[in-house]
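Structure first, commentary second.
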Amino acid sequence: MYKLLLTFRYLRRKLIPVFALGAVTLCTAMVIIVISVMGGFLDLVRNAGHTVMGDVSLYAGLGGFPQYDQIMAEINKLPEAKASTPIIIAYGLLKIGDRIKEVQVYGIDGAGYDAVTSYRKTLYWTPKRFETRDEYGELIYDSVKQLYKDRDPVGAAIAMKPAWEPVADRPAMVTGIEVSPYNIRMHDGSYRFSPAIVGAQLTLTVLPVTEKGGVIEPAVDQFVVINEFNSGVYDVDSHRVFVPFDAAQRMMVMDAADRVDPEHPTKIIGKIPARCTEIHVKAADGVSANQLCIAVQAAYKKFSETHKESLPWMMMSISTWEQRQAAFLSAVENEKGLMTVLFGIISIVAVVMIGVIFYMIVLEKTRDIGILRAIGASRSGVASIFLSFGLAIGTIGAAMGAGIAYLIVTYINEIHAWLGATFGIVIWDRSVYFFDRIPSHINPREAIVIVLVAIVSSVIGAALPAIKAARVDPVESLRYE
């Protein structure tokens, strides 16, 4: 009982333990915040990458590959596959008013792409934008209404019908939210998105590539913007545009055509099959991306053996979405590990501070220790007082640090917005960090481990002073009293 009473007495009546408590609190909060932000950043990278990609993709370069419809038919027979969709990827120039912007063009089938990815969820101008009819909401509504005139603006433009209905006899286009020059960055780092580009007729120029890698004359077409998408990844949202698959196939000269005799242009000697550059596949429920990848590789190998002339095996790259992003994901994971180690080393300061503070307390309480030893307290009993003291400081400090970290991580974007609005401080630049919001997710397991380490570290910091206190000679400590 005396151990508990003395522990609480030292905690309540001395200012110096507050510094040890503060060190544990700050170090715990700091490590949890850093790991949560870095871990959240890694999760965002994973989720965002998966949002715009299928679980498994087949890729053969910008020249594309033929017989993709037959390959998809074989893939769709697999029990591991839920859906597949063809994609054409190209690079071009988009004219927006007087500006020319470099873009990555994705030719997709709206319904098929949505079945494989989370495409529909990324569309920015949704029916929810119409629920609040303030001045800004009216601007959105009027813009879309003007685009579709007599048709239901929400049903036709916002709901994104799979048919990708042409507008004013022009094919549709969906641009990344950062492509539009009318979306303005505010002084606090936030953005004010405007639907001004919705309804605009934009000119797209692409450079077709032949199956063997040759270049053809540039192709030009006009598209009407019917929506914008926001994947949350700046690099994607600022350069990517979606257009109908058949329009991209036509512009990239990947559609089916007659093969003519070079010496007799009017003589047809065969057919040129249609091509695409990628096939994305979604895994069936309960099937991992790796399992699907193995199944797709086996199916394609079997298919290619019967089509050796047109589909040599080495032409095709088949990988999971994580493997496609392995370099970037690995870099983020390594950065997270490095930051954790660095801040863990810094946290050793808390252990040293606790050791120093407890050593000073032992020196100050030498008389009290001598009295305890003189009235029969054991060495282990005296040591346990200071170990309990360290345990109490570690537990309280770790709990307070975890609480502070939870509040900061939960409201980190609001805090960042306040700093920007009040002091003009913009720490998280979306164009630098890819994402428009600071990650705000605490991993419970990691937080619990950090709290436990903080408590154990506090006990370790108190161990040496506790041993010194246990070795105090009561005769020596009371000789001059």
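Just to check I understand the Karplus step: with θ = phi - 60° and J = 6.51 cos²θ - 1.76 cosθ + 1.60, what whole-Hz values come out for the stretch 289-300, glycine and proline as x?
4, 5, 5, 5, 4, 4, 5, 5, 4, 5, 5, 5
Ordered by packing density, taken as the mean number of other Cβ atoms within 10 Å over each peptide's residues, highest first, how do 245-255, 193-203, 67-77 rank? Before the final figure, lay out each step's value.
On the way: 245-255: 21.5, 193-203: 18.5, 67-77: 16.4.
Ranking, from highest mean packing down: 245-255, 193-203, 67-77.
Ordered by residue, what ³J(HN,Hα) values in Hz, to whole numbers, does the stretch 405-420 give under the Karplus form 6.51 cos²θ - 1.76 cosθ + 1.60, where θ = phi - 60° and Gly and Pro are x?
Residue by residue, the stretch 405-420 yields 4, 4, 5, 5, 5, 5, 10, 5, 6, 5, 5, 5, 5, 5, 4, x Hz.
Just so you know, all these numbers are worked out from the coordinates, no wet-lab data involved. Computed from a predicted structure; not experimentally measured. Methodologically, a virtual Cβ is constructed for each residue, glycine included, from the backbone with ideal geometry; neighbour enumeration extends over all protein chains shown.
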